[in-house]
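Q: Please read through the structure below; I'll follow up with questions.
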Amino acid sequence: MMQTIKGLSAPVAVWVAASAAALLLAGCASFPTTAEQVGRATPAAPELEIQSWRTEQGAKVMFVPSPALPMLDVRLVMDAGSARDGDQPGVAALTSALLGEGAEGLSVDDIARGFEDRGARFSTGSYQDMGVISLRTLSRPRWRDDAVDLLARVIGTPTFPEDALERIRTSALQGLKMEKQVPGPQVNKAFQRTLFGDHPYAHPQSGTLESLPGIERDDLVAFHQRYYAAGNAVIALVGDVSREQAEAIADQLSDALPRGDAAPELARAERLKERVTEHVDFPSNQTHILIGNQATWRGNPDHVPLYVGNYILGGGGFASLLTQKVREEKGYVYGVSSYFKPMAAGGPFILQLQTANDNADQALDLSMGIVRDFINNGPTEAQLEAAKANILGSRALETADNSDIIGQLGAIGFYDLPLDYLQRFNQRVEAVTVADIRAAFQRALDADRLAIVSIGPRAPQTDRQ
């Protein structure tokens, strides 16, 4: 039922509403008004005014002004992930977890209360490539300045208290013991070891039961001093501040960090040269299977055709080939998907599925066949056009909020991607062809050289060679 406008009779209200709509459409010269125009319409690429510079101490700064909301998001991204653990798996994760547990002249309660009283949110995270520190605060100087001051103290003078180290270490060890009771974490770690071998990416981010007890406070201090250095940092800023204000904030944070240079580049992870199968015996009603190999890296010129192709193969949810054929048509699995995980020094293709034990052989065999066929032949034109529409339609959501933008900005800076990376991505998605995808997959993957790692009562078998 059409609503009436308060104070007007229904006929007049309808006329006013219709007139307003007509005027609105008339002002939008590009608004599609015919079926043909709708068919030609494509979502616009995200247009971000990314500005970049370096501080005197060597930190790379990435800044996007966003005055729509009185907020500021700050993210520091360091080359300080678990790949830098060396012979102490878990030291990067513990260092990250203890930032905020104490700083010079500040207890953990002082820090938590200091951010909370200013309406700010502070968090840290540790991943394979990076350590991340995030702050979200109101942009008005009254609140922003105090929050940034506190952030500078936290990142610059962490104290890594012994009691906090023991508490967090104990929690981490308990978590590792609990992981042994469920299949998912075990098969993921086995897969990671199989694919990365002796590479720094091979060991678990959270450390091991053997490594964590030997990590001491001095190890965290040394890790922070080396890998949380200004020259090893990207400072990303998104929000309601001017360029001048952004420069002042970046300088303050850069000055607070230890002095030091960027970490050396990691060696590229090598691909498996033959099929490798690993199985972990586990008394469960389901079999978990992971299939993959080294296939990509951040900056790979084939990134877009691999991304679009994988959306069709296993990344597009219920629209993907793996879900349609292995789950919907055959009912072999509870879930199946695939993805590429590009990182600085490597990036596996990963196909993962969970199935009832009785269906494990058939599910593995069919999945391997689908992958082989996709590598050899690629998608159909119809599959490609549908994937393009879905991908481009969802891209706008990836920069719809400042918290989304800050994540994109940190990655662009950390992986040294071009400032117009997001716009280029959309353009390349629009331009990619079936031949591009087929060629990219054939460069990235060989169906005869995929690792198959499983966990369950018995190892699944496949006739696919």
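The values are calculated or read from the model by the stated rules, or taken from the named source; none is laboratory data. These numbers come from a predicted model, not from an experiment. Positions of Cβ are backbone-derived with ideal geometry, glycine not excepted, and every protein chain shown enters the neighbour counts. Only protein heavy atoms, including side chains, enter the accessible area calculation; ligands, DNA and RNA are left aside. Shrake-Rupley method; radii C 1.70, N 1.55, O 1.52, S 1.80 Å.
Q: Estimate the FRET efficiency between residue 163 and residue 278 by the formula 1/(1 + (r/R0)^6), using the beta-carbon distance for r and 35 Å for R0, to the nearest 0.05.
A: Efficiency computed from Cβ-Cβ geometry: 0.30.
Q: Dipole of the stretch 236-296, Cα-centred, from +1 at each Lys and Arg C-beta and -1 at each Asp and Glu C-beta, to the nearest 20 debye?
A: Details: 6 positive and 11 negative charges, 86 e Å.
Dipole about the Cα centre, nearest 20: 420 debye.
Q: Okay, next question. Given Cα pairs under 8 Å that are at least 6 residues apart, what percent is the relative contact order of the chain? Could you put the intermediate results ahead of the total?
A: Working: 852 pairs, mean separation 95.8, N = 465.
Relative contact order comes out at 21 percent.
Q: Given a Förster radius of 25 Å and the C-beta distance between residue 177 and residue 110 as r, what FRET efficiency does 1/(1 + (r/R0)^6) yield to the nearest 0.05? All intermediate terms of the calculation are to be shown ahead of the outcome.
A: Working: r = 33 Å, r/R0 = 1.31.
About 0.15, to the nearest 0.05.
Q: Indicate the gyration tensor shape class of the stretch 156-212 (rounded, prolate or oblate), computed on the Cα atoms with a ≥ b ≥ c the square roots of the eigenvalues: a/c under 1.5 is rounded; otherwise a/b larger than b/c is prolate and the rest oblate. Don't skip to the answer; put the middle values down first.
A: Values: a/c = 3.38, a/b = 1.58, b/c = 2.14.
Cα axes put the stretch 156-212 in the oblate bin.
Q: Now for a different question. Once label points are set 7 Å from the Cα along Cα→Cβ at both residue 259 and residue 463, what is their separation, rounded to one decimal in nm?
A: 6.9
Q: Find which of 380, 414, 359 sits farthest along the positive direction of the dipole of the stretch 323-420, computed with +1 on the beta-carbon of Lys and Arg, -1 on that of Asp and Glu, about the Cα centre.
A: 359
Q: Determine how large the accessible area of residue 171 is when every protein chain is in place; take a 1.4 Å probe and give Å² rounded to the nearest 10.
A: Near enough 70 Å² of accessible area.
Q: Tell me, how many Å apart are the Cα centres for the stretch 419-464 and for the stretch 196-245?
A: The stretch 419-464 and the stretch 196-245 have Cα centres spaced 30 Å from each other.
Q: With each label point set 7 Å from Cα along the Cα-Cβ vector, what nm distance links residue 328 and residue 403?
A: Label at residue 328, label at residue 403, 3.2 nm between them.
Q: Residue farthest toward the positive end of the dipole of the chain, with Cβ of Lys/Arg at +1 and Asp/Glu at -1: which of 232, 451, 264?
A: The Cα lying farthest towards the positive end belongs to 451.
Q: To the nearest 0.05, how large is the calculated FRET efficiency for residue 443 and residue 222 if R₀ is 25 Å and r is the Cβ-Cβ distance?
A: Numbers: r = 41 Å, r/R0 = 1.62.
So, using R0 = 25 Å, E works out to roughly 0.05.
Q: Is there a quick way to get the dipole size of the chain? I mean about its Cα centre, with the Cβ of Lys and Arg at +1 and of Asp and Glu at -1; what is the value in debye to the nearest 20? Before the final figure, lay out the partial values.
A: Details: 43 positive and 57 negative charges, 200 e Å.
Roughly 960 debye for the chain.
Q: What ranking, highest mean first, results for peptides 376-384, 141-149 when packing means the other Cβ atoms within 10 Å averaged over each residue? Provide the component values of the computation, followed by the final result.
A: Values: 376-384: 15.2, 141-149: 16.9.
Descending packing order for the listed peptides: 141-149, 376-384.
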